[in-house]
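J.: Handing you a structure now.
The values are calculated or read from the model by the stated rules, or taken from the named source; none is laboratory data. Note that the structure is predicted; figures quoted are calculated from it, not measured. Cβ atoms come from the backbone with ideal geometry, glycine included; neighbour counts cover every protein chain shown. Heavy atoms of the whole protein, side chains included, go into the accessibility calculation; ligands, DNA and RNA do not. Shrake-Rupley method; radii C 1.70, N 1.55, O 1.52, S 1.80 Å.
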Amino acid sequence: MIRVSLRSDNNYTFNIMKILVTGAAGFIGSRLAWTLSRRGDEVVGIDNINDYYDVRLKYGRLAECGVKSPGNSIPDGKTVISATFPNYRFIRMDLTDRASLNSLFESEKFCVVVNLAAQAGVRYSITNPYAYLDSNLVGFMNILECCRHHGVEYLVYASSSSVYGMNDKVPFSEDDRVDNPVSLYAATKKANELMAHSYSKLYGLPTTGLRFFTVYGPWGRPDMAPMLFATAISKGDPIKVFNHGNLSRDFTYIDDIVQGTVQVIDHRPEAEVCNNGVPYKVYNIGCSSPVKLMDFISEIENALGIEAKKTFLPMQQGDVLRTYADTSHLEKEVGYHPSTTLHDGISKFIEWFRSDLNPLK
């Protein structure tokens, strides 16, 4: 596997790598693919573009990366080369298609794989459990096997803050026990961490799991609070405020999340410095500054210039009271330092939300 070392104007040395990004039409995946392509890596993105939410948003994200799709339609198996980044190719593909995935790995010889494809959503897992087994377990198993058999040097994958479940100790630390999930989604993410550890131990495959905390920003998912709130408030509709507003979340801006992910890609775990000689890491990646839900709503109200009509409701099944990331390990080991304030992040989100870039406007 060939990697070419380059030296930039500021004398910082990095390697051009061939990187697979799964979930490349997703919120984090599309921005990561854009960032890696922009810095010069050879990037292949795959996504099944399912209809869990409005596909116009997914095709819009792809278009931001230069992947044009007339009529918002890319057939299964179709490869589209980015008009913006000639080093970026997108292929519509499902992780559960084992044969196609294996052929892709065999032909491309990836150096690094970043697996962000997953069936998302805690609440959706209550009513659609099998979607999570297929994507989050079968799909992840296929990724692990392809990495093992095709010489992949490093796997980075998405875990979730939801693995902390009923943990009432804050901030959440990677050293905390995470065996009390409150949703099937959380259980599948914990299973991913265990599966990755077994492959790191058995086959020496370096793996890093990222426990993402609440990510927000332009191009965010329409089923997440920022988009739900902004849409309802703009229309004059009431917003649902669960647990009567007594919730807090470690909201983290998308660019900070992506920068941290890139830093992790560039810092592969070495067996010699990992527990029990296994090249395996799991990191929290958040802002380490939880925000009360009512304060978050106030920021959106101020940015829109509209006061929200609020319907206060009890706690939702599968939800947790608070999330709060201890990011000290990620800061110390890879240099992660989120810098976007909530005020600035919400301002950028609302600017995009109101712009013509928002396909759901």
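J.: Testing Lys190 on (1) in contact with a helix residue (DSSP H, G or I) (Cβ under 6 Å, 6 or more places away or on another chain); (2) open to solvent by less than 20 Å² (accessible area, probe 1.4 Å), one condition comes back false. Which one is that?
T.: (2)
J.: Follow-up. Here is a list: Arg61, Arg38, Arg89, Arg56. Which entry is open to solvent by 30 Å² or more (accessible area, probe 1.4 Å) and touching a Gly at 6+ places or on another chain (Cβ under 9 Å)?
T.: The conditions single out Arg89.
J.: Here is a follow-up. Looking at region 153-171, which of its residues are hydrophobic (A, V, I, L, M, F, W, C) and touching an Asp or Glu at 6+ places or on another chain (Cβ under 9 Å)?
T.: Within region 153-171, Val163, Val170 meet the criteria.
J.: Still on this structure: Being under 30 Å from Gly204 (Cβ atoms), in contact with a Phe, Trp or Tyr (Cβ under 7 Å, 6 or more places away or on another chain) and of a type in the set (A, V, I, L, M, F, W, C) narrows it down to one of Ile300, Ile285, so name that one.
T.: Being under 30 Å from Gly204 (Cβ atoms), in contact with a Phe, Trp or Tyr (Cβ under 7 Å, 6 or more places away or on another chain) and of a type in the set (A, V, I, L, M, F, W, C) holds for just one of Ile300, Ile285, which is Ile285.
J.: Could you say whether any residue in region 186-208 is at pLDDT 95 or above and of a type in the set (Phe, Trp, Tyr)?
T.: yes
J.: Output the residue which, of all residues in region 232-243 that are crowded, with 16+ Cβ neighbours inside 10 Å and touching an Asp or Glu at 6+ places or on another chain (Cβ under 9 Å), is farthest from Arg322 (Cα to Cα).
T.: So, considering only residues that are crowded, with 16+ Cβ neighbours inside 10 Å and touching an Asp or Glu at 6+ places or on another chain (Cβ under 9 Å), the one farthest from Arg322 (Cα to Cα) is Ile233.
J.: Which members of region 201-231 meet the condition of being farther than 23 Å from Asn284 by Cβ, surrounded by 15 or more Cβ atoms within 10 Å (Cβ to Cβ) and of a type in the set (Gly, Ala, Ser)?
T.: If the condition is that a residue be farther than 23 Å from Asn284 by Cβ, surrounded by 15 or more Cβ atoms within 10 Å (Cβ to Cβ) and of a type in the set (Gly, Ala, Ser), then Ala230 is the only one that fits.
J.: Also, I was wondering about something else. Kindly establish whether Gly318 is at positive phi and at pLDDT 95 or above.
T.: So Gly318 fails the test.
J.: Give me the residue from region 214-250 that is among the aromatic types (Phe, Trp, Tyr) and modelled with pLDDT of 95 or more and, out of that set, nearest to Gly277 (Cα to Cα).
T.: Tyr216
J.: Kindly establish whether Arg92 is in contact with a Pro (Cβ under 7 Å, 6 or more places away or on another chain), more than 17 Å from Arg221 (Cβ to Cβ) and touching a residue at least 24 places away in the same chain (Cβ under 8 Å).
T.: Yes: the conditions hold for Arg92.
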